Structure formats: C-alpha cells, structure tokens
Amino acid sequence: MEKREEILNLLERNAKLTAAEIAVMIDRPVEEVEATIASLENANIILGYRALVNWEKTVAAPVTALIEVRVAPQRDQGFDNIAQRICRFPQVKDCYLMSGSFDLMVIIEDASLKDVAMFVSEKIAPLEAVISTGTHFILKKYKMNGTEFFGQDDDPREAVIL
Amino acid sequence: MNLNDFLSTNSKSIPPSAIRRFFDLANEMRGQVISLSIGEPDFVTPIDIREAGIRSLEQGNTHYSPNQGFIELREAISDYMKRRFQLRYDASHEILVTVGGSEAIDLFVRAVVNPGDEVIIPEPCFVSYKSCVLLAGGIPVTIPCRQEDDFKLRPEQLQAALTPRTKLVFLGFPNNPTGAVLEKNEVEALAEVLRNQPVLVLADELYAELTYEPASHCSIAAVPGMRDRTVIINGFSKAFAMTGWRIGFACGPQELIGAMNKIHQYAIMSSPTTAQEAALVALRDGENHVVAMREEYNRRRRYVVQACRDAGLACFEPLGAFYVFPDIRPTGMTSSAFCEAFLSEEKVAIVPGNAFGDCGEGFVRISYAASMENIIKAMQRLKAFVGRCIQHD
Ligand SMILES: Cc1ncc(COP(=O)(O)O)c(C=O)c1O
C-alpha cells in the first residue's frame, strides 16, 4: 500500500492519531507524515476530522431522514444550481446527484420528526424546480462509516491464552 | 477412595502453571480490562473462509473425513508448502491434517519419544512442549534463549545440550512468546550441529506467515539433509485467524507421518469436516487476507515496541508472531508481581514471562493481537505504571 493511502486509512479509522504515532506505525519520519497530512488537507482530500456518534444512545435520539427529490433540470445549469441551493440549508448533511428514478438524495441527520417534516414541506417542496419528494426515515443504524453498531463491546476471547 | 491415587505418574508429572494466581486474577477481572494477554488473533476469520464452513454445513457434510484429512486439502497443503517455503511433501503419505498444531505436536512426540529419551526444548516457548514430552515419559532438557542473543537459539547452546540420549529437538520459531525469528544462516548453523547426530527435529512453524521485514521465515527442513528427519507443524490458527476451528497439519517423511497417523486414527479419528472445507478455501484464496492482517500487525508491532522503550523498558525488536517481550527488571519486580499490579492498578492484562519457562522471568509478554485503540490506551497506562514503579525504588 502507498504510504499516503496507508495514512488515509489510519486516519479514517481513528482521526485522533497524532503524526508522531502514525510515523512509528508506518516507519517513516514524523516530518514526512506531517507534510503528507498537510498536503492531503490542502488538496481537500482530508475534508475534516469528526467524532463518529451513535446518537441512538443519547437521550435526544433524533432521527435521520433520506429525502429523494425529483427535480426539473434547468437550462445550462443541469442540477448544480438547485443542488447548491439545497446544500446551503444547514440541516442538510449530505446531498448527492443520483442515477435512477429520482435526482437528488438529501440526507438530514440529528433532527426531530417535526423538524424534518417542516424542512421538506417548507424548504424543499416549494422550490420551483422540485417536482416531488419522498422521505424515508432510518429506523435503526447497524453500521455507519465502516463501524458496526451492534457488535459486541466485550472481547469474546478467553482472558489469557498462552 | 482417593481419586488422586488413580492418576497416572505421567499425568501427575505435569507441573501446575507458574502463573496460576495471575490466571485467577485475570479471569476474575475479565470484561473490565484491556487484554493484551491473548495468544490468538483479534481478527475474526475472513468472511469467505467462514462462508465456506457455512456452505459445507448447508450441504450436509457432517460426516467423518478420511483419517489423514480430505485429499483435496492435503493437496492444497502440499501446493502451499511448495509455493511459500519451497518444500515438497507428497499429499498421499507425507501430510497429516490434525486438530490444530497442538494435536500434531503431541502426536509427533508420542510417536517417537520413549521413556527416558531426552528432548531439547529452547525456552521461553509455547507451553505445550514440555507437557507433551512429560506425558510421553520423556525428559525435557531446556535451553535458555537470552535477550543478549535476541532470544535466538545459538549453535553452541544446542551442541552443549546434545547427549547420546537426545531423541528430538524442538524448534519453535517465529517464537511465542518472544517474537524471535531465525534467519537462514542461523538455521543452517543449527542444522550443522545436528547433521551428524541421530536426532529428529520438531519445527513448530505456526507463525511462519507472521514475519516482518527485513526478516522472513526459513524452515530447517529446507536446509539440505534436514527434511528427512524433520516434522513441520503448521496450521491455520494464526495465519488465517482460525483458532476456534481447531485445524492444523504436520508435514514430514512417510515413516514419521505414518506413525503419527496411527495414533491420530485411534485418539481422534479425523479433524473436523467443516474446518477442513473452510481451510481449503483459506489456502486457495486467503493470501490477500494474510497480507492485510500482517500489515496491520506490523503497524501495531512498531507502535508497541516504541511505546515500551518510551516507557523505560529495554525491548528487543521482535520480527515475528504478534508478541513483544520487554525486560521489566529495572522495576525490581518479579514478572508475576509486575503483571498482577499492572492488572489491578491499570486494568491491563499482559502475561508474566516465566509462564513460558524459568528463563522468561524478568520479562513480560505483550500481545498486540488487539485493536489499535486498545493498544494505544494500554501503552499510555504502561508508561504511567512503569514510571511509578521505577520512582518507588
Ligand atoms: C508456538 C505455537 N505453536 C502451536 C500452537 C497451537 O496452535 P493450534 O493448536 O491452534 O494450531 C500455538 C498456539 O498458541 C503456538 O503459539
């Protein structure tokens, strides 16, 4: 594996690793690791470092909604213009152009049911280019960003194996 | 009626573990601690290998296999030994599929050791060697491998331990618990000592796939003249993360494998059918999994070695298996006292070195078959703990 990809893999799994720790793990000088990470950040390959939160374990227990949006494409703009308008709403976590029976997939996270309903009916549906919407709520998260949420917390192995 | 009076002399000759108290404590605290005390991969068996086991059960393959193991698997083992280690073993007579490397070790010892025969065992080593020899009525002759020698067996030591009563020499490298690997020239030097002696070799190569650059595994059976007096013990537990499937194998000359098979067919019948079918897929398609796990182990290995040194413990750089074996003597504690205190105070389990032979005293075995997150936490605690121990002196 290329060192650059190896660093990305390590950080994708644990963004809290320091450059010094990574340097030891992959057997490279710490300066080189720092420079690589800086260049990955500058090139917008690393876009940020965030905690992976299982909100279901908090009291708030908000919902995640996937909103399918069908859009009439605009002359010369395609879908980019409308997508940009939708992305500007701070509630929107992800927004993708899709192939298939609808056009944009808009993902809202950490909102209440009512927030989502209001958002769809007051912000998305009224946009003139929007033809229709279909909203799906996630009932339970089993795996997110490569991390399984239902796995055993405890080590299933024996306490000591010689 | 005292049932203890009924126990055989041989079964009573097995001494209790040197670390019984630590065992009890670790079991009591299970679930509350970070375990770097486990000699098996933390990885689950790769999914396509598991699916092969599921398929086998779905097809209703729930019967005994031939005693020696399915011929398809033995042929795959033969190919594997040729491909990976340039060794040729005939699938029909020179390969035996066993219930783990563990069974194969016991079989070979029982097949060749008579009461009173001496068996040379370099220590520290895997705990079954000595007990198997005692059960067969043999006399274990241990050789201490030292930190100054990077925990390798030296030819002079081997020479000095040989007597006219020596029947068998154990060679367990890459080593559990030290992580030591023997290089080609070092294996050749040992072979040179044995060349004109009428002794056999048990080469325990369970960790052969787990070596890290610049080291690579060299089997003593590959040294000219050694193949026909060596039985190689290998398996799937470590390389393919298949410990619970209980499957391994032995390769060696027909006379020895035949004798082992005779014991195996009465004691065990055959190794698990499901496991054999999964193992076949492991050998055919598992290479990429082995590589990925090895790369991950290597990152952890470098991290743990560095962390031990940062904590103030001298630590030989292990180039094999998944263990680090640092020297805890600067703390002035015994291995057991160190591990018991580290467990109670910092909630991290590691194993006292003397569990693997008397010469392991003064050392501890840290297994890095654990997640990087846990390793990082455990090493922070090690640093704090060692800092306190050394200050107290
Ligand atoms: C050096 C060594 N040999 C053999 C074994 C036995 O492995 P298995 O019986 O699972 O194949 C082990 C297991 O820990 C080991 O460490």
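Every number in this text was worked out from the coordinates using simple rules, so none of it is lab data. Keep in mind that what you see is a predicted model, and the values were worked out from it rather than measured. As a convention, Cβ positions derive from the backbone with ideal geometry for all residues, glycine included, and neighbour counts pool all protein chains shown.
Worth pointing out:
- Zone residues, the stretch B:369-385, relative to A:Thr147, backbone N less than 13 Å from point 7 Å out along Cα-to-Cβ: B:373-374
- The simple spin-label model puts a point 7 Å past each Cα toward its Cβ; for B:Thr334 and B:Lys383 those points are separated by 3.1 nm.
- Most positive-pole-ward Cα, A:Gln77, A:Phe102, A:Gly134, against dipole of the stretch A:55-142 from beta carbon charges: A:Gly134
- Projected label points at B:Glu28 and B:Asn2, each 7 Å from Cα along the beta carbon direction, are separated by 2.9 nanometres.
- Qualifying chymotrypsin sites (Phe, Trp or Tyr not before Pro) in the stretch A:80-144, DSSP loop, other Cβ atoms within 10 Å at most 13: A:Tyr142
- Computed from Cα positions, the angle between helix B:47-58 and the longest principal axis of chain B comes to roughly 50 degrees.
- Antiparallel %, DSSP beta bridges [both residues in the protein assembly as shown], to 5: 65
- The mean number of partner chain beta-carbon atoms within 10 angstrom of a residue's beta-carbon across peptide A:137-147 is 0.
- Estimated FRET transfer efficiency when R0 is 22 angstrom, pair B:Arg284-B:Phe43 (beta carbons, to 0.05): 0.70
- Environment charge at B:Val181 (Cβ cut-off 10 Å; Lys +1, Arg +1, Asp -1, Glu -1): -2
- Taking chain B as a whole, the Cys residues whose C-beta sits 4.7 Å or farther from every other Cys C-beta are B:Cys125, B:Cys132, B:Cys145, B:Cys218, B:Cys251, B:Cys339, B:Cys359, B:Cys389.
- Restraint check, A:Lys114/A:Lys141; B:Lys184/B:Lys238; B:Lys238/B:Lys377; B:Lys82/B:Lys262; A:Lys93/B:Lys383, Cα-Cα greater than 32 Å: A:Lys93/B:Lys383
- Near-label residues of the stretch A:92-116 by backbone N, under 14 Å of a point 7 Å along Cα→Cβ of A:His136: A:96, A:98-108
- Cβ crowding within 10 Å averaged over residues, with B:257-266, A:14-23 ranked highest first: B:257-266, A:14-23
- Relative to the dominant Cα principal axis of chain B, helix B:273-285 is inclined by about 80°.
- Here the dipole of the protein assembly as shown is about 500 debye; that uses its Cα centre as origin and unit charges on the Cβ of Lys and Arg (positive) and Asp and Glu (negative).
- For the stretch B:373-387, the Karplus equation 6.51 cos²θ - 1.76 cosθ + 1.60, evaluated at θ = phi - 60°, returns couplings of 4, 5, 4, 4, 4, 5, 6, 4, 5, 4, 4, 4, 5, 5, x Hz by residue, with Gly and Pro reported as x.
- Relative exposure of B:Val386, B:Val231, A:Val92, judged by other C-beta atoms within 10 Å (fewest first): A:Val92, B:Val386, B:Val231
- Per residue of peptide A:21-28, the mean number of Cβ atoms on other chains within 10 Å of the residue Cβ is 5.
- Dipole axis of the stretch B:47-285 (+1 Lys, Arg; -1 Asp, Glu on Cβ), positive-most option in B:Ala76, B:Phe249, B:Ile49: B:Phe249
- Three-way shape call for the stretch B:317-393 based on the alpha-carbon gyration tensor, with the a/c threshold at 1.5: oblate
- Dipole moment magnitude, nearest 20 debye, the stretch B:11-64 about Cα centre, only Lys, Arg, Asp, Glu C-beta charged: 360
- The loop-placed trypsin sites (Lys or Arg not before Pro) in the stretch B:3-78, going by DSSP, that have at most 16 neighbouring Cβ atoms within 10 Å of their Cβ come out as B:Arg30.
- With R₀ fixed at 22 Å, the C-beta to C-beta distance from B:Asp310 to A:Lys3 puts the FRET efficiency at about 0.45.
- Taking the DSSP bridge list for chain B and keeping only pairs wholly inside it, about 45 percent are antiparallel.
- Shown is the FRET efficiency for B:Asp90 and B:His63, computed with R0 = 25 Å from the Cβ-Cβ distance and rounded to the nearest 0.05: 0.45.
- Sparsely packed GluC sites (Glu not before Pro) within the stretch A:89-140, loop by DSSP, other Cβ within 10 Å at most 11: A:Glu128
- Helix B:254-267 and the longest principal axis of the C-alpha atoms of chain B enclose an angle of approximately 80°.
- The dipole here belongs to chain B: it is taken about the Cα centre, uses +1 on the Cβ of Lys and Arg and -1 on the Cβ of Asp and Glu, and is about 260 debye.
- Shape call, the protein assembly as shown: gyration tensor on alpha carbons, a/c limit 1.5: prolate
- If the chain linking B:Ile71 and B:Ala259 were pulled fully straight, counting 0.36 nm for each residue of separation and taking away their Cα-Cα distance, it would gain 65.8 nm.
- Across peptide B:301-311, the mean count of Cβ atoms from other chains lying within 10 Å of each residue's own Cβ comes to 2.
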